[in-house]
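The block underneath contains the structure these notes are about, expressed in structure tokens.
Any read-out appearing in this document is the output of simple, stated calculations on the displayed coordinates, not a laboratory observation. Source: prediction; values computed, not measured. Virtual Cβ from ideal backbone geometry, glycine too; neighbours counted across all protein chains shown.
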Amino acid sequence: MTVADLTERELVARIQQQLAPPPSWLTVGIGDDAAVVENERNRVEVLTVDALIDGVHFDRRFTPPTAIGHRALAVNLSDLAAMGATPRLALLSLALPATLTCEEFDGVISGIATEAMAHRLTVAGGNLTRTPGPLTIDITAIGTAKRRGVLTRSGARPGDLIYVSGAIGAAAAGLDMLRTGAATPSEACVFRYLRPSARVRLGQMLGRNRAASACIDLSDGLADGVSRIADASGVGMTVDADALPIEPEARRWFEDQGLDPVVAALGGGDDYELLFTVRPRQRGRLRAAFQQGGVPLTKIGVCTPDTRCVLRTAAGDVPFPSGFSHFR
Ligand SMILES: [Mg+2]
């Protein structure tokens with residue numbers, strides 16, 4: 001049975017079955033023409049939208065339906081985390097090819113619903129459509145933050161320290177392993193690609209304590225994140241190659257492929273870690289983020305007054321390798 005055998009109402013009912021019961025602030029939820037939401041007092045809203053398209057952002061040949069759903073929501077949660085926001089609700093827009101089986105459809109929804117529950121995010125509504133094209137999952141996510149707790153890319157100043165959460169390179173290596181059908185893929189790397197963990201708690205802590213002067217989430221590689229914060233803030237950045245927290249199993253994979261692990265990790269996408277800057281005098285504010293952010297933090301460099309981004313290596317300073325681009 002495929003989604004073409006069901007009516008839109010039946011598909012919506014299948015979605016609702018998997019979602020948590022709606023909270024009281026959702027005055028009108030799924031099933032009406034639009035959702036109605038009670039505002040949170042003294043908080044601003046943070047809005048983001050991101051689409052995942054089969055063949056562009058994922059490949060159904062090696063991405064299970066639940067992982068597709070998980071990723072589709074996680075990339076949006078990661079954008080909210082980068083802004084210091086607490087996730088609140090989401091709208092789903094799904095374009096379904098007639099060949100999608102009901103089992104696959106349920107899997108995608110299960111991935112979304114599980115990730116939503118993990119972050120106490122409510123699916124408030126959405127839209128379903130048939131498509132002659134590829135499976136497309138477009139999610140709008142809305143979070144809230146205290147006005148002064150919003151993080152942007154533009155607040156870095158010369159002298160600010162640069163930090164990154166978790167480890168980089170694992171997802172890019174994992175995707176490589178899946179694509180090339182590696183005989184013994186690293187479970188850690190593959191998992192990191194299929195089920196990225198948006199650093200929601202860390203983003204909240206950085207915003208709440210006003211610990212970070214600028215922040216971005218890494219969707220297209222650390223090199224891309226560095227240049228975006230530098231551009232938006234009007235600073236340069238010097239990053240220490242030896243300090244980069246490259247996932248050890250990813251490093252091994254890149255080396256086995258004859259690649260420079262630093263270049264591969266800097267250019268590889270899908271890390272969904274947070275890259276942020278901190279005023280040296282406010283490093284004490286990082287303590288709560290360290291303790292409650294649920295992920296290690298690594299200092300990787302410093303912001304500079306000129307606007308160049310350089311990588312400091314044993315052989316000297318080199319210009320930053322460029323990040324991944326969908327439009328190249
Ligand atoms: Mg982003």
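For q = 0.25, 0.31 Å⁻¹, what log10 I(q)/I(0) does the stretch 236-290 give under the Debye formula with an equal point scatterer on each alpha carbon and no solvent?
-1.09, -1.31
Rounded to a whole number of µm²/s, how large is the Stokes-Einstein D of the stretch 161-319 at 37 °C and 0.692 mPa s, given Rh as the Kirkwood radius over C-alpha pairs?
Value of D from the Cα-based Kirkwood radius: 206 µm²/s.
State the Cα centre-to-centre distance between the stretch 15-65 and the stretch 85-109 in whole Å.
Computed from Cα coordinates, the inter-centre distance equals 9 Å.
Quick check on the chain: what are the equivalent-ellipsoid semi-axes from the Cα gyration tensor, as sqrt(5λ), descending, whole Å? Please list the in-between numbers first.
Values: eigenvalues 241, 131, 43 Å².
Semi-axes (√(5λ), whole Å): 35, 26, 15.
When the Karplus curve 6.51 cos²θ - 1.76 cosθ + 1.60 is applied with θ = phi - 60°, which whole-Hz ³J(HN,Hα) does each residue of the stretch 288-301 get, with x for Gly and Pro?
For the stretch 288-301, the Karplus curve yields 5, 5, 4, 6, 10, x, x, 7, x, 10, 10, 7, 10, x Hz.
Give the long-range amide H neighbours of L100: residues separated by 5 or more places, or on another chain, with amide H under 5 Å away, using H modelled in the peptide plane at 1.01 Å from N.
When sequence neighbours closer than 5 places are left aside, the close amide H contacts are V3.
Write down the Kirkwood hydrodynamic radius of the stretch 3-146, to one decimal in angstroms, obtained as one divided by the mean of 1/r over all alpha carbon pairs.
Radius from the Kirkwood sum: 15.4 Å.
Nearest 0.05, what FRET efficiency do F290 and V49 give at R0 = 35 Å with Cβ-Cβ as r?
Working: r = 31 Å, r/R0 = 0.90.
Working from the Cβ atoms, E equals 0.65.
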